[in-house]
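J.: Following this message is one structure expressed as structure tokens.
The values are calculated or read from the model by the stated rules, or taken from the named source; none is laboratory data. Note that the coordinates shown come from a computational prediction; the quantities given were computed from them, not determined experimentally. Don't worry about glycine lacking a Cβ; one is built from the backbone with ideal geometry, like all the others, and counts go over all protein chains shown. The area values use the complete protein model at the heavy-atom level, side chains included, leaving out ligands, DNA and RNA. Shrake-Rupley method; radii C 1.70, N 1.55, O 1.52, S 1.80 Å.
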Amino acid sequence: MLLVGTVTVALVWLLSRLSIVTIPLALAAIFAAAFAPWMEWIRRHHYSPGLGAALALIALLAVIAGALFFVAGSVTQEWGQLAIKTQDGVQHVRAWLQTLPFSPDQRQLDDITEHIRGFLTSPEFGSGAIGGISALSEVSASVGMMAIILFFLLKDGPQMWEFLARPLEGIAYDRAERIRRKTVDVFGGYMRSTAAAALFDAVGIFIGLLILQVPLAAPLAVLTLLLAFVPIIGAVTGGAIAALVALVSNGPLNAALVVVVVVIVNQLEGNVLKPILMGKTVSLHALVVLVAIAVGTAVGGIVGALIAVPLTAAAWGVVQVWDGDNLPARWARPKSRARPVPRSDGTP
């Protein structure tokens, strides 16, 4: 676990240092592995690889853009009503605070409100907004580069691999082939199973929010779908946002019921659906997943959290096929304890 963690830290650190190139390249490689069955079907039926790559890329970008626009549009439509309920919720919180024995007085609450308003209108907040715009432009450039790299990986992936593997011969070439197959299986299996699990989370939470009459049910479900690609903490974050909206709009009891729905959906997804979908594709302990996410977030931010788990799973998969298809590297093989041979008198 320590060795895999060290490799993951090194990879994520390198990706973050050269993020303008390496992060789009890593994301493109993961998406290319997810579309590998589609491209194999295209080549097997003698269709143009360029056409197949273009269709896959258009489908991916359309899904991402459609989800983002849907969330933004839905929130914009219901924002006025939600803002009014938010103000009511804030007033209820202030009234509740004043019932506590250590509650702040009205003057202190007014001072806090003024400090918040002052920060929102300050030059520091404006510079932060400018920084956010700059970050958005960098994200747009990275997405554009990722799309270009993904297209060429899908279209010319086999030829690129043939070129990279030319210097290798014999055992080294066989090992490289095993590593390639295992990495593609891990990346592709991880993306497909995570997408299916995220869809399950989104549908389950959407149905629960509709039954509980929580506003913004559809955009909250789509937001859960997007956040669920971050293992463990993503779906929990989406559920927490849904519970917060329910608290502001419908009260504490409704928010508590939303939390119950989120817990039930997450338990079904984590304990029933994911083991069936992933199988042994991502054979990582939950502790390793949490550590990988923490390291990825600390080193690479949100993108680091997204790619840390598949990178860790791929690194462990490489170890598992280092000496053969089902033969891990020597140091990673389980130790077999030989039974003691009894002596003639019956003692061991």
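J.: HN-Hα J couplings of region 310-324 from phi, Karplus 6.51/-1.76/1.60, θ = phi - 60°, integer Hz, Gly and Pro as x?
T.: Per-residue couplings from phi come out as x, 5, 5, 5, 5, 4, 5, x, 4, 4, 6, 10, 5, 9, x Hz.
J.: Here's a follow-up. Return the loop-located GluC sites (Glu not before Pro) in region 154-207 (DSSP other than H, G, I, E, B) with at most 13 other Cβ atoms within 10 Å of their own Cβ; answer none if there are none. Mind showing how you got there, number by number?
T.: On the way: sites: Glu162, Glu169, Glu177; in loops: Glu169.
Of the GluC sites (Glu not before Pro), the ones in loops of region 154-207 whose Cβ has at most 13 other Cβ atoms within 10 Å are Glu169.
J.: Leaving ligands and nucleic acids out of the surface, order Met1, Met160, Met39 by accessible area at 1.4 Å, largest first. Walk me through the numbers on the way to the answer.
T.: Values: Met1 135, Met160 75, Met39 5 Å².
The ranking, largest first, comes out as Met1, Met160, Met39.
J.: In the neighborhood of Leu55, defined by Cβ-to-Cβ distances under 15 Å, what is the net charge if each Lys or Arg adds +1 and each Asp or Glu adds -1?
T.: On the way: positive: Arg43, Lys155; negative: Glu40.
Once all neighbours under 15 Å are counted, the net charge is +1.
J.: Could you order Val261, Val143 by accessible surface area, starting with the largest, using a probe radius of 1.4 Å? It would help to have the intermediate numbers written out before the result.
T.: Numbers: Val261 40, Val143 70 Å².
Sorted descending by solvent-accessible area, the residues read Val143, Val261.
J.: OK, next. With all protein chains present, calculate the accessible area of Tyr47 using a 1.4 Å probe and round the result to the nearest 10 Å².
T.: Counting only protein heavy atoms, the figure is 120 Å².
J.: With every protein chain in place, what's the accessible area of Asp156 (1.4 Å probe, Å², nearest 10)?
T.: Solvent-accessible area, nearest 10 Å²: 40 Å².
J.: Protein chains only, probe 1.4 Å: how do Leu3, Leu164 rank by accessible area, largest first? Kindly include the intermediate steps, with their values, before the conclusion.
T.: On the way: Leu3 90, Leu164 115 Å².
Sorted descending by solvent-accessible area, the residues read Leu164, Leu3.
J.: Which shape class, rounded, prolate or oblate, goes with region 142-261 when its Cα gyration tensor gives a ≥ b ≥ c as root eigenvalues, a/c under 1.5 marks rounded, and past that a/b bigger than b/c marks prolate? Don't jump to the answer; show the numbers that get you there.
T.: Values: a/c = 4.56, a/b = 3.05, b/c = 1.49.
In terms of gyration-tensor shape, prolate.
J.: Met1 to Asp323: extension gain in nm, 0.36 nm per residue of separation minus the Cα-Cα distance? Let's see the in-between values first.
T.: Numbers: separation 322, 0.36 × 322 = 115.92 nm, distance 1.89 nm.
Fully extending the segment from Met1 to Asp323 adds 114.0 nm.
J.: Just read off the accessible area of Ile23 with the full protein assembly in place, 1.4 Å probe, to the nearest 10 Å².
T.: Roll a 1.4 Å probe over it and Ile23 shows about 20 Å².
J.: So what is the relative contact order for region 187-268, in percent, with contacts set as C-alpha pairs under 8 Å and at least six apart?
T.: With pairs under 8 Å counted, the relative contact order is 29 percent.
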